[in-house]
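A short write-up of the structure that comes next.
The values are calculated or read from the model by the stated rules, or taken from the named source; none is laboratory data. In this text the structure is predicted, and so the values were computed from the model without any measurement. Virtual Cβ from ideal backbone geometry, glycine too; neighbours counted across all protein chains shown.
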Amino acid sequence: MSYLSTKISSLVVSLSSNAFNRALLVPSCDFLQVRSYAARKGTRERKKKAKVKVEIQKVGFIPHNLREREKMLASRGSRKFDDSWKKDPIDDVYAMKYYKWTVHPFADAVKAHRETHHAEIYNKPQSELFATIELNMQGEKKTRFVDNFKRIAAIPHKFDHGEERTIIAFAKTLESQKEASDAGAQLAGGAELVKQIQNGKVLLQDFQHIIAHPDILPELVVLRGVMKRRFPNPRNGTLDIDLKLVVDRYLHGISYQAVKDEYEKDFGQIVAVLGTDSNSWMHILVNGEHLSNGDQMTRKRNSYTNVTSNTLN
């Protein structure tokens, strides 16, 4: 067979095979979906909106000892002390971990603490007596909690707290200014003192506490931007008619701070000094009652905290 005849025969075979393939493919076209209309209006826009872009929040450097902090707080035990599920003791001698704790009145607790921590035993007559107060920080709603707050409670029996407190008092009349100065305020004045603060001659940063008489409020409003949260307010006891009583409370009162737990938001704690071992147990008792029952500790922006327990140490 010549070369020409070989090429012609191969061409015929290839054409016949292509024709066979076209014969097989033509019926399959009947099953293909053919769309002769445009997509519904707004379909592409809805699909674009449905694709939500996930934003990756960049987290700064976290020290290695704080990276597992949340897991550690979640896995720890509750700070709320509850032994209501335990049985009441039926005898004077018993294992305390199996029975409820004995709750003593505050007066008996102070006497017992004085017996076990007497000044002559440790040779520290001026050692301080601390009271740990547990608070329920839940507000009016279950999802709202009281923020941390700091207050000073007035006490009838004073002691050396070892703090240096500076007070500036504002009053319109000379009589009220003299009353505040005699009580212990470092600086007292009226409208002239307000002008000195505006001119920068007197700095409010040099004073820890700012108190005022209600009669000078119109002149004191110009300093609201400088004072901010320290502006005298009757809620925190810095705005009162009796400046002598207010100065005495801020100079000699018990300073305390309620701290909310980071994980248990409804649990708060206060650690405050009630006195020293040189004070009589009756004085410490009265100071503790004023601290626990004081309205200034329980009131915070229309929310109220409940005292759940007291502990002496």
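Of the candidates Arg151, Arg114, the single residue that is in contact (Cβ under 8 Å) with a residue 24 or more places away in the chain, among the basic types (Lys, Arg) and touching a Gly at 6+ places or on another chain (Cβ under 9 Å) is Arg151. Condition check: within 30 Å of Glu264 (Cα to Cα), of a type in the set (D, E, K, R) and either surrounded by 12 or more Cβ atoms within 10 Å (Cβ to Cβ) or in contact with a Pro (Cβ under 8 Å, 6 or more places away or on another chain) (or both). Does Asp147 satisfy that? Answer is yes for this residue. Could you check, for segment 48-70, whether at least one of its residues is assigned to a loop (DSSP other than H, G, I, E, B), modelled with pLDDT under 75 and either more than 42 Å from the chain's Cα centre (by Cα) or in the same structural domain as Glu134 (by TED's automatic domain parsing) (or both)? Within segment 48-70 (the criterion being assigned to a loop (DSSP other than H, G, I, E, B), modelled with pLDDT under 75 and either more than 42 Å from the chain's Cα centre (by Cα) or in the same structural domain as Glu134 (by TED's automatic domain parsing) (or both)), the answer is no, since none of the residues qualifies.
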